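Heads up: the structure comes next, in structure tokens.
The values are calculated or read from the model by the stated rules, or taken from the named source; none is laboratory data. Model, not experiment: these values are computed from the prediction. A quick note on method: Cβ atoms are made from the backbone with ideal geometry, for glycine too, and the neighbour counts reach across all protein chains shown.
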């Protein structure tokens with residue numbers, strides 16, 4: 001029973017993460033995002049590199065949230081306290097659709113790590 005509770009909690013946290021920034025222009029919910037992220041979030045991104053701490057990450061997500069036109073999950077896999085999501089984002093700036101993969105690990109009721117992977121050459125082609 002414990003693994004089902006953990007699975008539900010993990011899934012719910014990742015859902016809240018996406019709901020906080022994918023609804024489009026002017027709908028970024030920083031308070032909601034702050035609730036689901038561990039203060040010492042361990043983030044790795046294709047171009048951003050490795051960073052520790054939720055504060056800097058929040059600023060980056062706010063910038064992306066401002067330019068999201070649409071968000072579409074292609075595939076999602078969950079196993080215990082880990083979730084992998086492959087998705088497409090249509091952005092207004094840079095203009096176009098970019099495919100991303102995010103890998104989450106949840107600990108103590110919060111998202112503890114995020115590994116964001118995407119093709120940096122395609123991102124640059126969009127004009128970022």
TODO: Could you check, for segment 60-70, whether at least one of its residues is touching a helix residue (DSSP H, G or I) at 6+ places or on another chain (Cβ under 9 Å), over 19 Å from residue 111 (Cα atoms) and surrounded by 15 or more Cβ atoms within 10 Å (Cβ to Cβ)?
DONE: no
Open item on the list: Please count how many residues of segment 95-111 are surrounded by 15 or more Cβ atoms within 10 Å (Cβ to Cβ) and under 10 Å from residue 82 (Cα atoms).
Closed with: 5
TODO: Quickly run through segment 17-51 and pick out the residues that are in contact with a helix residue (DSSP H, G or I) (Cβ under 6 Å, 6 or more places away or on another chain), in contact (Cβ under 8 Å) with a residue 60 or more places away in the chain and surrounded by 14 or more Cβ atoms within 10 Å (Cβ to Cβ).
DONE: 17, 36, 37, 41, 43, 46
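Yes/no per residue for (1) under 19 Å from residue 120 (Cβ atoms); (2) modelled with pLDDT of 90 or more; (3) under 13 Å from the mean Cα position of the chain (by Cα):
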| residue | (1), (2), (3) |
| --- | --- |
| 47 | yes, no, no |
| 53 | no, yes, no |
| 60 | yes, no, yes |
| 63 | yes, no, yes |
| 73 | no, yes, yes |
| 78 | no, yes, no |
| 81 | no, yes, no |
| 84 | no, yes, yes |
| 88 | yes, yes, yes |
TODO: Having 1 or more residues that are within 18 Å of residue 13 (Cα to Cα) is the bar; report the strands (runs of 3 or more DSSP E) wholly within segment 24-128 that clear it.
DONE: 37-45, 68-79, 82-92, 95-107, 110-118
